[in-house]
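Notes for the one structure printed next.
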Amino acid sequence: MTHGRQGGDGASDPESAGGGASDPEDPDAPTPSDAFGALGGETRLAVVRALDTESPRAFSDLAEATDADTTAGFAYHLRRLTERFVRQREDERYELTDAGRSVARAVAAGTYTASVDRDPVELDEPCPLCDGDGLVAAVADNVTEVGCGDCGGTVLRLSLPPGGYAARDSDEFADAVDAHHRRRIESFDDGVCPECTATVSARIEPAEDEADHGASHRDDEYVPVQTVYECETCGADLRCPVALTLLDHPAVVAFYHDHDRDVRDRPIWNVGSEWRERAVSRDPWCIVVSVRLDGEVLVCYVAGDGRVVDHRRESREEPSARADADDSATGTHTDDSTAVSTDDAETVRANDTAESGPAES
């Protein structure tokens, strides 16, 4: 899983992230450079911190909380802040605006100043790539990398705000990464950017470069795929296996509950060997994601925009029998937990283009 939009050379794209534009709905709004410029200097940040600690406050009280040499000098700094981050109330006292509160939280959390590194710690789960016991998590510049010492593979790289590491020891920060990014995936999947709350688009695409494997694949050929979310405003994005986007789906939660299990018990870097996913159609995309527990299989059908358009439960015997039939007809092996018939694919094709919403329980 990766996150963060990048340009073709791997560098961040400030234009796509809105780095130099003002609010299109308010032509009088300051540009980002003007807004950040207003925060320049320790005196102004001291005002923000003081109002975050206690608010509202009078002019004289605020002046005493800063290092300003003169009243006139302090008034100048406060005036710069009142353009965006501080407002004066009718009783002439001052308080933070919503933007000011956001700045205060970022300063307190060390969002723009702290860089955390942690030595590798062993994880309890086996490696999802080789099933070995060498899975470790290490932190460099606020980014947690989960990798395997046995096979050398990298499972994921995900950032966590520095505050997420500060209050947790080496045995706890991995749990925070898991919880934080589960909620990020849920927010992206709900169509709400977890960074700026703007609209998010979703699509299915191959997880590997088409150029590395030829220009096209047959519909029945195995193709590793991923769900891609992109914010249309700030440029935040996330790419992850399709199965991870289903962890909070009602059908999945109910399936685990009916088998006396909690889908949250396994971290996102290894949700369990019971999960399978397979592309059964590429035009349009149809992804079959299945999970097997205690002889029962939940099969979910995911369309090209990431929606679950249908799902059903089956006994172990039913998909096995279907897989045997498919194997004898095509001469290829199909995992019985994800076996689908031509009718299954056509059902998802129809739902993929239907105007009605997805079929959900």
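Candidates Ala108, Leu78, His181 compared by Cα position along the dipole of the range 38-197: farthest toward the positive end lies Leu78, with charges placed on Cβ. Amide H contacts of Thr97 (H built 1.01 Å from N, in plane; Pro and chain starts excluded): Val86, Arg87 sit under 5 Å, all sequence-distant by 5 or more or on other chains. Full extension of the chain segment joining Tyr112 with Glu92 gains 4.0 nm, where the gain is 0.36 nm per residue of separation less the Cα-Cα distance. Using a simple spin-label model with pseudo-atoms 7 Å out from Cα toward Cβ, Ser33 and His257 lie 5.4 nm apart. In the range 239-318, a dipole from Cβ-located charges (positive for Lys and Arg, negative for Asp and Glu) runs towards its positive end, and of Phe255, Val309, Cys240 it is Cys240 whose Cα lies farthest in that direction.
Is the shape of the range 85-216 rounded, prolate or oblate, going by the alpha carbon gyration tensor and its root eigenvalues a ≥ b ≥ c, with a/c under 1.5 for rounded and a/b larger than b/c for prolate? Oblate is the answer for the range 85-216, as a/c is 1.5 or above yet b/c matches or exceeds a/b.
Any read-out appearing in this document is the output of simple, stated calculations on the displayed coordinates, not a laboratory observation. Being a predicted model, the structure only gives us computed values, none of them experimental. Virtual Cβ from ideal backbone geometry, glycine too; neighbours counted across all protein chains shown.
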